[in-house]
Amino acid sequence: MKILLPSIYYPFIGGVSIHVENLIKNLNKLDDFEFHILNYNFDETVKNSFENVTIHKVPYFSKLRGPSYILNGYKLGKKIIKDEKIDLIHSHYAAPQGFLGAILGKKCSIPTVLTLHGSDVLNLSKSSLGKYFFNYAVYNSEKIICVSEFLKNNLKSNFNIDSNVIYNGFDEELFNPSDSDKNYGLFVGSLVEQKGIFYFLESIKNIDFNFKIIGNGPLYSKILDFIKVNDIKNVELLGPKTQNEVSEYLKNCSFLVLPSISEGLGMTIIEAFGCKKAVIGTSVGGIPELIKDGINGYIVPPKNTKALEDKINMLVNDKMLRKSLGEKSLDTSKNFSWGLSSKKTYEIYNSLLDR
């Protein structure tokens, strides 16, 4: 089976890249696949861990990244579809990738699948320009996958579109149970507004405990400035880390904090659960589908620094509490695996190809 994947991928680090890598890894256990990824152009040399994956670099202009990716990706995609005899297109994120996949599918009469990851539904669909690309992608893709029930319900109520829920999994070889607790709280995620990072910083500045932030993004410099201006001495901004590095930080942390303002699901929560860690998250998006308040972690309202500070203090001051919550989070992690996710995705592929 030959799959064209319009998607962001390595060397660009983020949730979608991790999702696609793990999906490929586990689909390879089910059938003979050949994957062609339409990725943004990059200069680095990237070691490809899969022999059956070809990464095609799509040129783009930085100030017109989406439109230029679509134009150049369309030309390149048509050629790949013809030369490689592609069976199916599976796009990740509504636009520009999903928009490109939908156009190529219609033009070349190939079945299309679109996975929506969160901010495309919650933010892109509401922006003045983005909503055009979003609407085209979702109304012209034959099958849509959402990574949480929350996104599925949002898509149905706002766009009257049915979809399938396939939760993210986690890499069980990397993120496995750990009893190590080196007395630090951890944040892992993109440094963007919707992750609520400044509310996190406000909530910890008066807590006598160490914290670490892993991630990169447009707010990196502003976060550094915020830490300096507010003289926050108990936090380290570590920048981007590889998945191997993230797993080590998770295994050694005391607990994870995800203070999101909006969130499709929260892959890092599942990874923390796999490492047997308690998690504090907000009552947004798919997070309440993962965290059961007082059982495997705590849920607080978004943007509420006082509530967040109170829950963090509870875990800081009670090592046995964070250990007992971690035991329950490990039980929760057993409901999420890339093996199960890939099987459900494979079933969707076959439903389109067997018609």
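The values are calculated or read from the model by the stated rules, or taken from the named source; none is laboratory data. Model, not experiment: these values are computed from the prediction. Backbone-built Cβ (ideal geometry, glycine too); neighbour counts: all protein chains shown. Accessible surface is based on the protein model in full, side chains and every heavy atom, while ligands, DNA and RNA are left aside. Shrake-Rupley method; radii C 1.70, N 1.55, O 1.52, S 1.80 Å.
Table for the structure above
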| quantity | calculated |
| --- | --- |
| FRET E, pair LYS292, ASN28, Förster distance 41 Å, beta-carbon r, rounded to 0.05 | 0.80 |
| Residue with peak Gaussian network fluctuation, the chain [Cα springs, cutoff 10 Å], from GLY66, GLY264, GLY169 | GLY66 |
| 1.4 Å probe accessible area per residue over the stretch 79-235, in Å² | 44 Å² |
| Top positive-direction residue, dipole computed over the stretch 111-188 with Cβ charges, set SER128, LEU114, ILE145 | SER128 |
| Within the accessible area of the stretch 157-310 (1.4 Å probe), percent carbon and sulfur | 46 percent |
| Full-stretch length increase - SER109, ASN135 - with 0.36 nm per residue and alpha-carbon distance subtracted | 7.4 nm |
| Paramagnetic reach from LEU321 (point 7 Å along Cα→Cβ, amide N under 20 Å) across the stretch 197-228 | 200-212 |
| Label-point separation, ASN176 to MET1 (7 Å along Cα→Cβ), nm | 2.9 nm |
| Efficiency of FRET between ASN52 and LYS303 - r from beta-carbon atoms, R0 51 angstrom, step 0.05 | 0.70 |
| Surface per residue (accessible, 1.4 Å probe) for the stretch 247-299, Å² | 20 Å² |
| Radius, Kirkwood style, for the chain when every pair of distinct Cα atoms is counted (Å) | 20.9 Å |
| Range in the chain, longest, excluding exposed GluC sites (Glu not before Pro) [loop by DSSP; at most 16 other beta-carbon atoms within 10 Å] | 174-355 |
| Scattering curve values for the stretch 58-187, log₁₀ I(q)/I(0), Debye with Cα scatterers, q = 0.10, 0.11, 0.14, 0.18 Å⁻¹ | -0.41, -0.48, -0.70, -0.97 |
| FRET efficiency for ASN335 and VAL229, using Cβ-Cβ distance with R0 set to 30 Å, rounded to 0.05 | 0.10 |
| Centre separation in Å (Cα based) which lies between the stretch 85-114 and the stretch 180-218 | 37 Å |
| Percentage relative contact order, the chain, counting C-alpha pairs under 8 Å, at least six apart | 15 percent |
| Angle between the chain longest axis and helix 220-229 axis [Cα atoms, degrees, rounded to 10] | 20 degrees |
| Approximate spin-label separation TYR220-ASN183, in nm, with each point projected 7 Å along Cα-to-Cβ | 3.1 nm |
| Length-normalised contact order of the stretch 177-267 in % [C-alpha pairs under 8 Å, at least 6 apart] | 48 percent |
